[in-house]
Amino acid sequence: MTPEVESEVPKGYVDKLFDMRGRVAVVTGGGSGLGAAISVGFAQAGARVVVADINDDGATHTVKVIESEGGDASAIHLDVVNSAEVEAAANNVFRDFGSVDVLVNSAGSAFRSPAEEFPEDKFDFILKLNLKGTYLCCQSFGRKMLAQGKGSIINMASIGSFVAYPWSSAYLASKGGVLQVTRGLALEWRDRGVRVNGIGPTLMESPLTRRGAERSSVTADFITARMLRPRLGRARDLIGAAIFLASDASALVTGHILMCDDGYLVA
Ligand SMILES: NC(=O)c1ccc[n+]([C@@H]2O[C@H](COP(=O)([O-])OP(=O)(O)OC[C@H]3O[C@@H](n4cnc5c(N)ncnc54)[C@H](O)[C@@H]3O)[C@@H](O)[C@H]2O)c1
């Protein structure tokens with residue numbers, strides 16, 4: 001009798017590891033920047049992508065890009081801070097596609113201000129969008145995933161989940177919260193087939209970064225001065241990490257923030 005070898009790898013195993021064919025992936029904030037690139041990347045990996053954004057023109061543009069490459073995508077209007085809208089979106093996607101396999105929470109924003117002058121309404125806005133919006137989407141789409149016994153959620157964290165930089169106190173609070181929400185949900189759902197992870201980008205080239213720089217260079221100057229090499233990440237640099245966390249390649253990975261920071265936190 002041949003003993004079972006635990007290290008045995010079935011033929012063609014690796015081909016299937018990163019395969020997203022037929023998977024239904026919802027990307028909030030998919031109408032711009034990092035979420036748009038991840039949407040396109042998922043579609044290139046074979047996923048059926050639902051681009052969910054408050055900005056309908058942006059979402060439609062991402063869908064057009066995907067369709068022009070022969071991919072499968074549709075746009076939905078979604079305000080991630082509106083719990084009724086989020087719940088309806090989860091129900092509709094589940095009804096229309098029969099499954100929700102992947103959720104990427106990329107809807108988010110930032111506001112630059114010295115802490116002593118930080119406007120209360122901006123603090124509330126950033127916390128609500130980045131933290132509560134992420135949480136609401138995890139809840140509603142997570143419930144569907146728990147019901148089907150499988151799913152992968154990817155939250156957009158940041159180097160700011162771990163280290164500080166100036167004029168960003170609300171953003172830092174929100175991304176620290178995203179880190180702990182990711183861990184908390186991963187713990188609660190780890191024996192029910194739903195994995196919850198995050199991606200932690202460095203400062204990236206994106207419309208959000210450009211808008212921040214228009215307001216002040218204080219934050220970006222501080223971060224770039226501490227980079228190992230002074231270059232911003234490109235949105236497409238996150239696609240590999242996103243496909244890894246979304247696919248069976250990361251079957252044992254949950255509660256983890258995969259840093260895509262060019263070594264920022266190492267130094
Ligand atoms: N750009 C960076 O340097 C960087 C670095 C680390 C983490 N992040 C995070 O990545 C995520 C995406 O950032 P980005 O640079 O692509 O920003 P972006 O501004 O280019 O895109 C954000 C998208 O979110 C959408 N959005 C905003 N409010 C929404 C709402 N209430 N409901 C639904 N959609 C909404 C916007 O319409 C936009 O399409 C954010 O969470 C951000 O904090 C960005």
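Here are a few things to note about the model shown:
- Computed from backbone phi with θ = phi - 60° and the Karplus coefficients 6.51, -1.76 and 1.60, the 3J(HN,Hα) list for the stretch 112-120 is 9, 6, x, 4, 5, 10, 4, x, 4 Hz; x is used for glycine and proline.
- Taking Cα centre as origin and charging only the Cβ of basic (Lys, Arg, +1) and acidic (Asp, Glu, -1) residues, the dipole magnitude of the stretch 21-260 rounds to 700 debye.
- For the stretch 195-228, trypsin sites (Lys or Arg not before Pro) meeting the loop criterion (DSSP other than H, G, I, E, B) and having at most 14 other Cβ atoms within 10 Å: ARG226.
- Cα Rg, Dmax, the stretch 21-260, angstrom units: 16.8, 50
- Other-chain or far-sequence residues with amide H under 5 Å of ASN155's (modelled H): ASN105, ASN197, GLY198, ILE199
- Close amide-amide hydrogen proximity is noted between VAL24 and ARG48, ASP101, VAL102, each under 5 Å apart and 5 or more residues distant or on a separate chain (H modeled in the peptide plane; Pro and chain starts excluded).
- For the chain, the longest principal axis of the alpha carbon atoms and the long axis of helix 33-44 meet at an angle near 20°.
- Dipole magnitude (debye, nearest 20) for the stretch 1-152, charges at Cβ of Lys, Arg, Asp, Glu: 360 debye
- Structure-based [θ]222 nm, the chain - -39500 (n - 2.57) summed over DSSP H runs of at least 4, per residue, nearest 500: -13000 deg cm²/dmol
- The ranking of ASP262, ASP57 from fewest to most other beta carbons within 10 Å of each one's beta carbon is ASP57, ASP262.
- Cα-based shape type of the stretch 53-145, given that a ≥ b ≥ c are square roots of the gyration tensor eigenvalues and the cut on a/c is 1.5: oblate
- Of the residues LEU258, LEU172, VAL86, the one whose Cα sits farthest towards the positive end of the charge dipole of the chain is LEU258 (charges of +1 on Lys and Arg Cβ, -1 on Asp and Glu Cβ, taken about the Cα centre).
- Cα gyration tensor, the stretch 115-176 - rounded (a/c under 1.5), prolate or oblate: oblate
- Ignoring aspartates and glutamates fewer than eight residues from LYS16 along the same chain, the ones with Cα atoms less than 13 angstrom from its Cα are ASP248.
- Among the trypsin sites (Lys or Arg not before Pro) within the stretch 21-116, those in coil by DSSP and having at most 13 neighbouring Cβ atoms inside 10 Å are ARG21.
- Where Cα atoms sit under 16 Å apart: lysine pairs in the stretch 21-260 separated by 8 or more or lying on different chains: 4
- Cβ-placed point charges (K, R +1; D, E -1), dipole of the stretch 150-267 about Cα centre in debye, nearest 20: 100 debye
- Acute angle (nearest 10 degrees) that the helix 56-68 long axis makes with the longest principal axis of the chain, alpha-carbon atoms: 40 degrees
- Distance histogram in 5 Å bins (all Cα pairs of the stretch 150-237, percent per bin): 3, 13, 21, 22, 17, 11, 8, 5, 2, 0
Only the coordinates and a few stated rules stand behind these numbers; no lab work does. Predicted model, so just to flag it, every value in this text is computed and none were measured. Positions of Cβ are backbone-derived with ideal geometry, glycine not excepted, and every protein chain shown enters the neighbour counts.
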